[in-house]
Amino acid sequence: MTFSARAAANGGVVRRKKRDIERYIGMKEFKGALRRRGFHTIKNAGQIVIFCNQEPVRAIL
């Protein structure tokens, strides 16, 4: 579901609702998949943004 998106395959960014991740694969499995792939993620207002590459993520304020 999440990692089969075209953006994920191309090293892009994918956004999903937290409740959908919990419903379809579970948060524990999701976090394990992130670790295996070396991806980073942030959460805000019930949305999870997944950076589908291994580049560092920096906050710009």
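Might you tell me the accessible area per residue for the chain, computed with a 1.4 Å probe and given in Å²?
Per-residue value: 76 Å².
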In whole Hz, what ³J(HN,Hα) sequence does the range 24-32 give by Karplus (6.51, -1.76, 1.60; θ = phi - 60°), x for Gly and Pro?
8, 10, x, 5, 4, 5, 4, 5, x
Heavy atoms only, probe 1.4 Å: what % of the accessible area of the chain goes to carbon and sulfur, would you let me know?
50
Give me the mean projected area, in nm² to one decimal, of the convex hull enclosing the Cα positions of the chain.
4.2
Suppose every Lys and Arg Cβ carries +1 and every Asp and Glu Cβ carries -1, with no other charges. What dipole size does the chain come out with about its Cα centre, to the nearest 20 debye?
140
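The values are calculated or read from the model by the stated rules, or taken from the named source; none is laboratory data. Just so it is clear, the structure is predicted and the values come from calculations on it, not from any experiment. Counting neighbours? That spans all protein chains shown, and the Cβs are built from the backbone with ideal geometry, glycine included. In case anyone asks, the SASA skips ligands and DNA or RNA and just uses the protein heavy atoms, side chains included. Shrake-Rupley method; radii C 1.70, N 1.55, O 1.52, S 1.80 Å.
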